[in-house]
Amino acid sequence: IQLMVTFIITLILYVSDFFQAWKKSVKREEQFKRESLAFQYESLKNQVNPHFLFNSLNVLSSLVMKDQEGSVEFIRQLSEVYRYVLEQKDKEVVELGTEMKFVESYVYLQKIRYADSLRVELDPDLPGHYSKQVIPISVQMLVENAIKHNIVSGDEPLTVRIGVEDGYLVVRNNLQVRTTVPESGSIGLNNIKSRYEYLTDNEFI
């Protein structure tokens, strides 16, 4: 009986130690995953800044040759836009209304280049959702993506529409795909998708 009691006590202590060690191991693994995800997220956010600057400078370089006065105004507006990028890039989310003010400035810069060939329309009920949260610079990147991949001309104007449907923020445009598109490695869409996957279980479409 004494041997059996000793065995049972030893077994209980062993099992208890095992589960304590297992719990610590799981906790360390979860902490490692969180730290790894946080590192990946920081890396994703750091992609935005050079990507945005690179594309803005491309627009400016094409404008300088044909419109010097327009270039000066572009630089002034770009400084305002970039202030937003610098202020918001380290935040996980911002209010949609704040993001849309940034989008309006960005569209202003694009319309210096494209004039009436580019149209950006907001659904009438969109301001009612301005208190909702979005990832900084994400809406701008979607508008930029539409401009980059589609023909924008007087004969074929591009219309981008922004609204909310079934709880989703939707950015859509008429499809008139360019035959050649500058290579970027899908930085914009992949970046947004990865950041949303980090912050929410909702699917990015």
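Computed values, structure above
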{"read-out": "With Cα atoms, 0 to 90° folded angle of helix 96-114 axis to the chain main axis", "value": "40 degrees"}
{"read-out": "Within the chain, helix-based [θ] at 222 nm, where runs of 4 or more DSSP H residues each add -39,500 (n - 2.57), nearest 500", "value": "-22000 deg cm²/dmol"}
{"read-out": "Rounded accessible area per residue of region 83-203, 1.4 Å, Å²", "value": "55 Å²"}
{"read-out": "Choice from Val59, Val85, Val15 with maximal GNM fluctuation in the chain (Cα, 10 Å cutoff)", "value": "Val15"}
{"read-out": "Among (i) 169; (ii) 120; (iii) 109, the entry derived from the coordinates for volume of the Cα convex hull per residue in Å³", "value": "(i)"}
{"read-out": "Region 77-205 - percent of accessible surface contributed by carbon and sulfur, probe 1.4 Å", "value": "49 percent"}
{"read-out": "Neighbour cut-off at most 16 other Cβ (10 Å), DSSP loop, GluC sites (Glu not before Pro), region 78-165", "value": "Glu92"}
{"read-out": "Environment charge of Asn202, counting only residues whose C-beta is closer than 14 Å and scoring Lys/Arg +1, Asp/Glu -1", "value": "-2"}
{"read-out": "Summed side-chain charge close to Gly163 - residues other than Gly163 whose Cβ falls under 15 Å, Lys, Arg +1, Asp, Glu -1", "value": "-2"}
{"read-out": "Positive-pole candidate from Phe102, Thr180, Leu199, dipole of the chain, charges at beta carbon", "value": "Leu199"}
{"read-out": "GNM flexibility winner over the chain from Lys148, Lys24, Lys193 (Cα, springs under 10 Å)", "value": "Lys24"}
{"read-out": "For region 12-25, Karplus couplings with θ = phi - 60° (6.51, -1.76, 1.60), whole Hz, Gly/Pro x", "value": "4, 5, 5, 5, 4, 4, 4, 5, 4, 5, 5, 4, 5, 5"}
{"read-out": "Candidates Gly70, Gly167, Gly97, ranked by Gaussian network fluctuation over the chain, Cα under 10 Å, top entry", "value": "Gly167"}
{"read-out": "0 to 90° range, to nearest 10: angle between helix 138-149 axis and the chain longest Cα axis", "value": "50 degrees"}
{"read-out": "Karplus-derived 3J(HN,Hα), 6.51/-1.76/1.60, for each residue of region 154-166, Hz, glycine and proline x", "value": "x, 6, 10, x, 9, 10, 10, 10, 10, x, 10, 9, 6"}
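The values are calculated or read from the model by the stated rules, or taken from the named source; none is laboratory data. Every value quoted in this text rests on a predicted model; they were computed, and no experiment measured them. Heads up, the Cβs are rebuilt from the backbone with ideal geometry, glycines too, and the neighbour counts pull from every protein chain shown. Please note that ligands, DNA and RNA were not included when accessible areas were found on the heavy atoms of the full protein model with its side chains. Shrake-Rupley method; radii C 1.70, N 1.55, O 1.52, S 1.80 Å.
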